[in-house]
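One structure is given below, represented as structure tokens, and several questions about it will come after.
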Amino acid sequence: MKNLSRFFAVFLAAVLMSCGNEKKEQETITIGDGGNLETVETTQDAAADETAQTNDAIQRQDGVVQVNLTGNDLMQYNLNEIKVKAGDKVKLTLTHVGELPENAMGHNFVLLKQGTDVVDFAQKAATATGNEYIPEGTDAVIAKTEMIGGGEETTIEFTVSEAGTYDFICSFPGHYVQMRGKFIVE
Ligand SMILES: [Cu+2]
């Protein structure tokens, strides 16, 4: 009898542990950017937390939108969607939160005109080594930051007056595969 209750105690612990692991995986997928896993209790809360983070990263007041975009050493932006309203003044700050230098893990933000072939643009950009990986003479760029390395930060201001969905990428060679998102103008 004593052995049996011990068996159940171990069994119960195993069930609890496996539940815990499962929940953590769900949270990781839902947040996706290394958010604080400790305070997140359920998948629903995780979704709310993601909204809060997005709100932190994009703040709109009186027609001015501050966008706080980050890039890291794992070739990731913190945002894959940025929503603004047509005519908003967008102040976009790109912060490289990693440590790797520009020549190894450079990041920028390049907003492309609608209808631009992203892969074609990115491939041309990859060869534009002397021009911060922006194709010489291109007319596909609406706005762009400079290329920065770990610990650096850069800010640009621009306005998009035409509603629509635009692509943004990091044009450092190969980065567009992961570092790309939608810039939505409503
Ligand atoms: Cu990059």
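Read-outs: derived from the displayed coordinates by stated rules, not from any lab. Just so it is clear, the structure is predicted and the values come from calculations on it, not from any experiment. For neighbour counting, all protein chains shown are included, and Cβ atoms are generated from backbone atoms with ideal geometry for every residue, glycine included.
Enumerate the whole-percent occupancy of each 10 Å bin, from 0 to the last occupied one, for all C-alpha pair distances of segment 62-185.
The percentages, shortest bin first, are 14, 49, 32, 5, 0.
What does the net charge come to around ALA86 if you take all other residues with beta carbon closer than 9 Å to its beta carbon, with K and R at +1 and D and E at -1?
That works out to -2.
Follow-up question, since we're still on this one. Could you please report the charge total around THR165, scoring K, R as +1 and D, E as -1 over all other residues with beta-carbon less than 12 angstrom from its beta-carbon?
Its environment carries a net charge of -1.
Quick one: net charge of THR95's neighbours, Cβ under 12 Å, K/R +1, D/E -1?
So the surrounding residues net to -2.
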